[in-house]
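Peer 1: Questions regarding the structure given below will be posed in turn.
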Amino acid sequence: MALDKNGIAKRIAQELRDGYYVNLGIGIPTLVANYIPAGMEVILQSENGLLGIGPFPAAGEADPDLINAGKQTVTAIPGAAFFDSASSFAMIRGGHIDLTVLGAFEVSEKGDIASWKVPGKLIKGMGGAMDLVASARNIIVAMQHTDKEGNSKLLKQCTLPLTGVNCVKRIVTDLAVIDVVEGGFKLVERAAGVSVEEIKKATEGNLIVEGEIPEMKG
Amino acid sequence: MHKVVKDAYEAIQGIESGMTVMFGGFGLCGIPENCLKALAESNVTDLTCISNNAGIDNFGLGVLLRKHQMKKMIASYVGENKEFERQFLTGELEVELIPQGTLAERIRAGGAGIPAFFVPAGYGTEVQGTKEVRVFNGKPHLMELGMTADFAIVKAKYGDTMGNLIYNRTANNFNQSIATAGRITIAEVEELVPFGELDPNHIHTPGVYVRRIFQGKDYEKRIEFLTTRS
């Protein structure tokens, strides 16, 4: 069965390692914070100037001066640090953030990502996404395998304006875990009960299937 | 040293139509509410505004938009603002979108006297345009330019009469860089104290950058997305 959003987040949480500094984008990536394994120390970075994002505040305790990059009220964990935007992106550009997880409209088999603009539709801007994908040491994309009309989001070439080129390393979708390798999308794991055939059908880019593909572990 | 002015109306004296003005803040967090209000009440138009965001429809920079005081907006993210979208789509407003880290660094560099630098963000995207590309350590980078403005307006939690500033939590955001990049920098603060009272160890913006300072009032500090745990 295809994973729901929480299922995708849960699978991505398995990529975390003790001591990681991680930037989580808006949407499914944010949910990853709920599945950090107990006892593992993972520090979450918010590009508006916070290292050490804590849980959302209790009702009545929200501070307008303490928000995340999605402009939601948050808290800071003990040991957190605040800094300005230029320092924040120096941290990102300098390669000090171990992992970036973000959503996407499309990913190409070369690791290009389109995530910020649909021509003729809502104008929002790229925010920090271009900086993050250009500089993070490891980038995982969290997204649905296909769009609402059933069109594949894993393409030979992106059709939408790009956020970055040749940068995505791994994609976790509702159907599969896929690595971007030389020659295309390498199928690593499939969601429980989802067949390789189904994944193939939902993937427009070249899907590389080698040997037996294990199911994701819960 | 006469940096202290009475209020926002006195602080924004000299801002004229057609000028470039930078504003601190991220979303509605850490925005100079008093100066924005005073500007919205002025007759200044055709401003080029540099700010990470464009506010919401009825608050922040959104107020200047609604009064058609903006000619151009330079930002990284402009969602959550219908009037902005409308003016952008009809071509009333010129918009330049810049990756957030590049925007922050362009401002920091501008204030630090660095005319240009190279970053990887935007390579291979529409942000690249005609920018010079150079490869460092095997990775292509774009040349970006330092950025300054006629006026820079920031908001801090504490300030002293010498213009030293301390920001609060994530309300620092773009304020610290922007404070360095104005030909004239205006600081509005929640609490203005006599010099000597702030711990010099904790100053974010040294007073040298600040030309005018005043204690703001009636801060609304609106929250864009109030999110609490259940």
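Peer 1: When Lys and Arg each count +1 and Asp and Glu each count -1, what net charge do the other residues less than 10 Å away from B:G216, Cβ to Cβ, add up to? Mind dumping the intermediate values first?
Peer 2: Values: positive: B:K37, B:K155, B:K217; negative: B:D7, B:E33, B:E188, B:E190, B:E191, B:D218.
Residues near B:G216 contribute -3 overall.
Peer 1: For the range B:143-230, which chymotrypsin sites (Phe, Trp or Tyr not before Pro) pass both filters: DSSP loop (anything but H, G, I, E, B) and at most 16 other C-beta atoms within 10 Å? Intermediate results must be reported in sequence, preceding the final value.
Peer 2: Details: sites: B:F151, B:Y158, B:Y167, B:F174, B:F195, B:Y209, B:F214, B:Y219, B:F225; in loops: B:Y167, B:F174, B:F195, B:Y219.
Listed in order of number, the matching sites are B:F195, B:Y219.
Peer 1: If you don't mind, there's one more thing I want to ask. Give the ranking of B:S230, A:S88 by solvent-accessible surface, highest area first, calculated with a 1.4 Å probe. All intermediate terms of the calculation are to be shown ahead of the outcome.
Peer 2: Details: B:S230 160, A:S88 0 Å².
The ranking, largest first, comes out as B:S230, A:S88.
Peer 1: What is the sum of charges, Lys and Arg at +1 and Asp and Glu at -1, for the other residues whose Cβ falls under 11 Å from the Cβ of A:K117?
Peer 2: On the way: positive: A:K121, A:K124; negative: B:E126.
Local net charge: +1.
Peer 1: Between exposed GluC sites (Glu not before Pro) in chain A, where DSSP calls loop and at most 15 other Cβ atoms lie within 10 Å, what's the longest gap?
Peer 2: Longest run free of exposed loop sites: A:62-148.
Peer 1: Let me know the shape class of the protein assembly as shown, please: from the alpha-carbon gyration tensor, a ≥ b ≥ c as square roots of the eigenvalues, rounded when a/c is under 1.5, otherwise prolate if a/b is greater than b/c, or oblate. Mind dumping the intermediate values first?
Peer 2: Numbers: a/c = 2.08, a/b = 1.75, b/c = 1.19.
Prolate is the answer for the protein assembly as shown, as a/c is 1.5 or above and a/b outweighs b/c.
Peer 1: Follow-up question, since we're still on this one. Given the protein assembly as shown, what percent of its DSSP beta bridges are antiparallel, to the nearest 5?
Peer 2: Details: 32 of 80 bridges.
DSSP beta bridges in the protein assembly as shown are roughly 40 percent antiparallel.
Peer 1: Relative contact order for chain B using alpha-carbon pairs under 8 Å, separation at least 6, rounded to a whole percent?
Peer 2: Values: 538 pairs, mean separation 53.4, N = 230.
Over chain B, the number comes to 23 percent.
Peer 1: What number comes out for accessible area per residue over the range A:86-218 if the probe is 1.4 Å? Units Å², please. Could the numbers behind the result be given before it?
Peer 2: Details: 5620 Å² over 133 residues.
Here the residues of the range A:86-218 average 42 Å² of exposed surface.
Peer 1: What is the spin-label model distance, in nm, from A:D179 to B:Y219 if the labels are put 7 Å beyond Cα along the C-beta direction?
Peer 2: Between A:D179 and B:Y219, the label points sit 5.0 nm apart.
Peer 1: Nearest 100 Å², what total accessible surface is buried between chain B and chain A (probe 1.4 Å)?
Peer 2: On the way: alone 11790 and 11340 Å², together 19130 Å².
So the total buried area for this chain pair works out to about 4000 Å².
Peer 1: Follow-up. Quick one: order A:R17, B:R169 from most to least accessible surface, probe 1.4 Å. If you can, show how the numbers build up before the last one.
Peer 2: On the way: A:R17 120, B:R169 95 Å².
Greatest to least solvent exposure: A:R17, B:R169.
Peer 1: While we're on this one: Under a Cβ-Cβ cut-off of 12 Å, what is the net charge of the residues other than B:F174 that fall near it, where Lys and Arg count +1 and Asp and Glu count -1? The partial results should precede the final answer.
Peer 2: Numbers: positive: B:R106, B:R108, B:K155; negative: A:E47, A:D84, B:E105.
Value of the local net charge: 0.
Peer 1: To the nearest 10 square angstrom, what accessible area does A:K71 show with a 1.4 Å probe?
Peer 2: That residue has around 10 Å² of solvent-accessible surface.
Peer 1: May I pose another question? Using a 1.4 Å probe on the protein chains only, how many percent of the accessible area of the range A:26-97 belongs to carbon and sulfur?
Peer 2: Working: 1650 of 2810 Å².
The C+S portion of the solvent-accessible surface of the range A:26-97 is 59 percent.
Peer 1: For the range A:195-211, in order, what is each residue's ³J(HN,Hα) by Karplus, 6.51 cos²θ - 1.76 cosθ + 1.60 with θ = phi - 60°, in whole Hz (x at glycine and Pro)?
Peer 2: Going residue by residue, I get 8, 4, 4, 4, 5, 4, 5, 8, 10, 6, x, 5, 9, 9, 10, 10, x Hz, with x marking Gly and Pro.
Peer 1: Could you tell me which of rounded, prolate or oblate describes the range B:1-47, using a ≥ b ≥ c as the square roots of the eigenvalues of the alpha-carbon gyration tensor, with rounded for a/c under 1.5 and, failing that, prolate when a/b is larger than b/c and oblate otherwise? Present the calculation step by step, with values, prior to reporting the outcome.
Peer 2: Details: a/c = 1.64, a/b = 1.04, b/c = 1.57.
In terms of gyration-tensor shape, oblate.
Peer 1: Take every DSSP beta bridge whose two residues both sit in the range A:1-101, then give the antiparallel share in percent to the nearest 5.
Peer 2: Numbers: 6 of 12 bridges.
Bridges in the range A:1-101 that DSSP calls antiparallel: roughly 50 percent.
Peer 1: Further question on the same structure: Given an 8 Å cut-off on Cα distances and at least 6 residues of separation, report the relative contact order of chain A as a percent. Walk me through the numbers on the way to the answer.
Peer 2: Details: 488 pairs, mean separation 42.6, N = 218.
Dividing the mean separation by the residue count of chain A yields 20 percent.
Peer 1: If you don't mind, another one. Which parts of the range A:196-217 would a label at A:Q14 reach, counting a residue when its backbone N lies under 15 Å from a point 7 Å out along Cα-to-Cβ?
Peer 2: Those under the cut-off are A:213-217.
Peer 1: For the range B:94-184, just say rounded, prolate or oblate: build the C-alpha gyration tensor, square-root its eigenvalues into a ≥ b ≥ c, call rounded for a/c under 1.5, and beyond that prolate if a/b exceeds b/c, oblate if not. Write down the numbers at each step before the final one.
Peer 2: On the way: a/c = 2.39, a/b = 2.28, b/c = 1.05.
It comes out prolate by the Cα gyration axes.
Peer 1: Also: Given a Förster distance of 25 angstrom, what is the FRET efficiency for B:H2 paired with B:E191, based on the Cβ-Cβ distance and rounded to 0.05? Don't skip to the answer; put the middle values down first.
Peer 2: Details: r = 20 Å, r/R0 = 0.79.
Working from the Cβ atoms, E equals 0.80.
Peer 1: Taking Cα pairs under 8 Å and at least six residues apart, what relative contact order does the range B:1-118 come out at, in percent? Intermediate results must be reported in sequence, preceding the final value.
Peer 2: Values: 183 pairs, mean separation 22.8, N = 118.
Once normalised by length, the contact order is 19 percent.
Peer 1: Work out the mean other chain Cβ neighbour count within 10 Å for the residues of A:58-64 and drop it here as an integer.
Peer 2: That works out to 5 on average.
Peer 1: Follow-up. Can you give the mean number of other chain Cβ atoms that lie within 10 Å of the Cβ atoms in peptide B:89-101?
Peer 2: Details: counts 2, 0, 0, 0, 0, 0, 2, 0, 8, 3, 14, 15, 17.
Neighbouring Cβ atoms belonging to other protein chains average 5 per residue here.
Peer 1: Which FRET efficiency value, to the nearest 0.05, do you get for B:L226 and A:E212 by plugging their Cβ-Cβ distance into 1/(1 + (r/R0)^6) with R0 = 45 Å?
Peer 2: On the way: r = 49 Å, r/R0 = 1.08.
That pair, B:L226 with A:E212, gives E of 0.40.
Peer 1: Based on the Cβ-Cβ distance from A:S152 to B:D199, what FRET efficiency comes out when R0 is 60 Å, to the nearest 0.05?
Peer 2: Working: r = 57 Å, r/R0 = 0.95.
FRET efficiency, A:S152 to B:D199: 0.55.
Peer 1: Counting only helical runs of four or more DSSP H residues, what would the 222 nm mean residue ellipticity of the protein assembly as shown come to if each run contributes -39,500 (n - 2.57) and the total is spread over all its residues? Show your work: numbers first, answer last.
Peer 2: Working: 11 runs with 77 residues, N = 448.
Roughly -4500 deg cm²/dmol at 222 nm, from the helical runs in the protein assembly as shown.
Peer 1: Rounded to a whole number, what % of the accessible area of the range B:83-191 do carbon and sulfur atoms account for, probe 1.4 Å?
Peer 2: Numbers: 1960 of 4070 Å².
Exposed carbon and sulfur together represent 48 percent of the surface.
The values are calculated or read from the model by the stated rules, or taken from the named source; none is laboratory data. Please read these numbers as outputs of a predicted model, since none were measured by experiment. Here the Cβ is made from the backbone with ideal geometry for all residues, glycine too, and neighbour counts use every protein chain on show. Side chains are part of the model used for accessible areas, which takes the heavy atoms of the whole protein and leaves out ligands, DNA and RNA. Shrake-Rupley method; radii C 1.70, N 1.55, O 1.52, S 1.80 Å.
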